[in-house]
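The values are calculated or read from the model by the stated rules, or taken from the named source; none is laboratory data. Bear in mind that the values here come from a model prediction, so they are computed numbers and not experimental data. Neighbour counts are summed over all protein chains in view; Cβ atoms, including those assigned to glycine, are modelled from backbone coordinates with ideal geometry. These accessible areas exclude ligands, DNA and RNA; they are computed on the full protein's heavy atoms, side chains included. Shrake-Rupley method; radii C 1.70, N 1.55, O 1.52, S 1.80 Å.
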Amino acid sequence: MALSLPGNATWEDFRRYWDLVYVLSARHLKVRYRGSFLGIYWSVLNPLVMTGLYAAIFGNIFATYYDNSLLNYMLAAFTGLTVINLYSTATIQSVNIVVWGSPLLNKIRLPVSVFPVSMVMANMFQFIAGVVPVLAIVTLFTSKNPLNVLLLVFPILSMFLLCVGVAFLVSALYVFFRDLPNFYEVIVFVLGLSTPIFYPPTIVPPNLRQFLVFNPLYPILESLRDIAISGTLPAPYPIVHSLLNGVLVLSVGWLCFQRWRSQFMDLL
């Protein structure tokens with residue numbers, strides 16, 4: 001039983017690994033949207049509907065924080081919703097993915113890490129195919145600069161790194177703690193409320209605003225908004241901050257996954 005790539009992995013090992021990720025990701029998407037009319041485009045319809053709802057309820061109040069522009073508020077809310085939707089969907093669905101794959105692990109020689117990676121990749125594909133084109137159009141419309149469109153790759157990469165790191169961590173923990181899904185949904189709910197998705201960060205009290213730096217979604221959201229709706233070239237700090245956060249979370253998640261994986265087969 002191969003639980004992960006060997007330390008002396010060759011190019012063929014990596015190619016096989018990504019082939020497995022591709023096959024599993026495609027399967028996740030096919031199962032999820034079998035018989036669905038809109039398919040992956042639900043990923044953009046959901047934040048659009050929620051954006052309209054937030055604009056109707058909070059638009060007149062919060063637009064004052066966005067140059068008295070309801071459109072700017074709607075764009076800010078839309079970007080926030082896309083970030084939290086991707087994070088919550090990719091990581092919540094990854095919680096039980098190692099246990100879900102246990103029948104395959106008992107029959108076929110597979111690196112167990114392909115399961116959380118494939119789930120995140122499936123959600124990233126959905127995000128790139130459904131949401132990214134809308135973000136690219138918005139960015140080009142607001143900034144009039146194709147460079148800003150290209151810079152969207154950085155917050156997207158940060159999201160991928162963050163989601164994979166968390167997926168490694170929660171999927172490994174679920175092998176030991178089967179109550180984790182209920183607990184983790186509460187964590188995601190609190191994380192969503194503490195992230196300035198539909199409200200401007202400036203309304204957060206100063207004594208609490210300093211803690212936003214510990215929210216891994218906040219620098220990603222700030223860099224995405226800076227690129228997509230500021231109308232100017234973004235500041236480098238939010239982009240670098242979000243990438244470093246992503247690398248840190250990925251490193252922690254991978255180290256925990258590697259440390260605990262030797263105990264998986266006794267519990268699956």
Practice problem: With all protein chains present, calculate the accessible area of I187 using a 1.4 Å probe and round the result to the nearest 10 Å². | Solution: 70 Å²
Exercise. Diagonalise the Cα gyration tensor of the range 211-253 and give the resulting equivalent ellipsoid semi-axes, square root of 5 times each eigenvalue, largest first, whole Å.
Key: 21, 10, 7
Exercise. At a temperature of 10 °C and a viscosity of 1.306 mPa s, determine how fast the range 135-180 diffuses translationally according to Stokes-Einstein, using the Kirkwood radius over alpha-carbon pairs as Rh; express D in µm²/s, rounded to the nearest whole number.
Key: 124 µm²/s
Quiz prompt | Student exercise, the chain dipole from Lys, Arg, Asp, Glu Cβ charges, in Debye to nearest 20 | solution = 540 debye
Quiz item: What accessible area per residue comes out for the chain, rounded to a whole number of Å², with a 1.4 Å probe?
Solution: 51 Å²
Exercise. With label points built 7 Å along Cα→Cβ from the Cα atoms of S102 and Y41, find their separation and express it in nm.
Key: 4.0 nm
Self-check item: Distance from the range 178-205 to the range 82-132 (C-alpha centre basis), Å
Solution: 21 Å
Exercise. Exposed loop chymotrypsin sites (Phe, Trp or Tyr not before Pro) only (DSSP loop, at most 15 other Cβ atoms within 10 Å): please give the longest stretch of the chain free of them, not including the sites.
Key: 38-176
Practice problem: Calculate the dipole size of the range 1-153 relative to its Cα centre from +1 charges on Lys and Arg beta carbons and -1 charges on Asp and Glu beta carbons; express the result in debye to the nearest 20. | Solution: 480 debye
Practice problem: List every DSSP H helix in the chain whose Cα atoms extend 15 Å or more along the helix's own long axis and whose mean Kyte-Doolittle hydropathy is at least 0.5. | Solution: 42-62, 70-92, 114-130, 132-143, 153-176, 180-193, 217-228, 236-260
Quiz item: On average, how much area does the Cα convex hull of the range 8-267 cover when viewed from any direction, in nm²?
Solution: 15.6 nm²
Quiz item: How much length, in nm to one decimal, is gained on full extension between N68 and R34, taken as 0.36 nm per residue of separation minus their Cα-Cα distance?
Solution: 7.9 nm
Practice problem: Over the range 171-260, calculate the relative contact order: mean separation of alpha carbon pairs under 8 Å at least 6 apart, over the residue count, as a percent. | Solution: 24 percent
Quiz item: What part of the accessible area of the chain, given as a whole %, is carbon or sulfur when the probe is 1.4 angstrom?
Solution: 69 percent
Quiz item: How far apart, in nm, are two points set 7 Å out from the Cα along the Cα-to-Cβ line at L244 and at F14?
Solution: 2.7 nm
Quiz item: Excluding the sites themselves, what is the longest stretch of the chain that contains no trypsin sites (Lys or Arg not before Pro) in a DSSP loop with at most 16 other C-beta atoms within 10 Å?
Solution: 179-268
